[in-house]
1. Do we find that residue 80 is touching a Pro at 6+ places or on another chain (Cβ under 9 Å) and more than 13 Å from the ligand (Cβ to nearest atom) in this structure?
2. Scan (1) within 16 Å of the ligand (Cβ to nearest atom); (2) modelled with pLDDT under 90; (3) out of contact with any helix residue (DSSP H, G or I) (no Cβ under 8 Å at 6 or more places or on another chain) for the single condition residue 44 breaks and write down its number.
3. Say whether the condition of being over 19 Å from residue 87 (Cβ atoms), touching a Lys or Arg at 6+ places or on another chain (Cβ under 6 Å) and away from the ligand (no atom under 16 Å from the Cβ) is met by at least one residue in the range 3-22.
Amino acid sequence: MVKNKYLAKSINDAGWNLFLNTLLSKAEEVGKEVVEVDPRNTSQLCSECGELVPKKLSVRVHKCSCDYKENRDINAAHNILKRAELRINGSDFDKSRQGLGTDLRGLVSLEAG
Ligand SMILES: [Zn+2]
């Protein structure tokens, strides 16, 4: 941890840029696309019904009133994939849900922040 907050920000920015450039390069090598999405509430929203299910970071399982239960990170991954599909296809909510859960490897998504 860098004590100078300005220097720390520069180092963090440089680290983020290095990560982003590496990610873009690796994705291109394997013929994948990197899509930046808004990370807000990706772990709080139910990827099945869209309900907001607030939970602390220590709660690792997503449980929704629609009976959907999943690992918190997997639920967030579905939401990130859905947002990436919306950015690429401009599709509506129902269309973007088709195929969810079948192949999270088909798209490299980037969650910033
Ligand atoms: Zn739900």
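1. For residue 80, the condition - touching a Pro at 6+ places or on another chain (Cβ under 9 Å) and more than 13 Å from the ligand (Cβ to nearest atom) - is met.
2. Going through the list (1) within 16 Å of the ligand (Cβ to nearest atom); (2) modelled with pLDDT under 90; (3) out of contact with any helix residue (DSSP H, G or I) (no Cβ under 8 Å at 6 or more places or on another chain), residue 44 breaks only (2).
3. No, the conditions are met nowhere in the range 3-22.
Residues are listed down the side, and each one gets a yes or a no for (1) modelled with pLDDT under 95; (2) near the ligand (Cβ under 8 Å from one of its atoms); (3) among the polar types (S, T, N, Q); (4) surrounded by fewer than 11 Cβ atoms within 10 Å (Cβ to Cβ):
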position: 49; (1), (2), (3), (4): no, yes, no, no
position: 55; (1), (2), (3), (4): no, no, no, no
position: 64; (1), (2), (3), (4): no, yes, no, no
position: 67; (1), (2), (3), (4): no, yes, no, yes
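The values are calculated or read from the model by the stated rules, or taken from the named source; none is laboratory data. All values reported here derive from a predicted model rather than from experimental measurement. Heads up, the Cβs are rebuilt from the backbone with ideal geometry, glycines too, and the neighbour counts pull from every protein chain shown.
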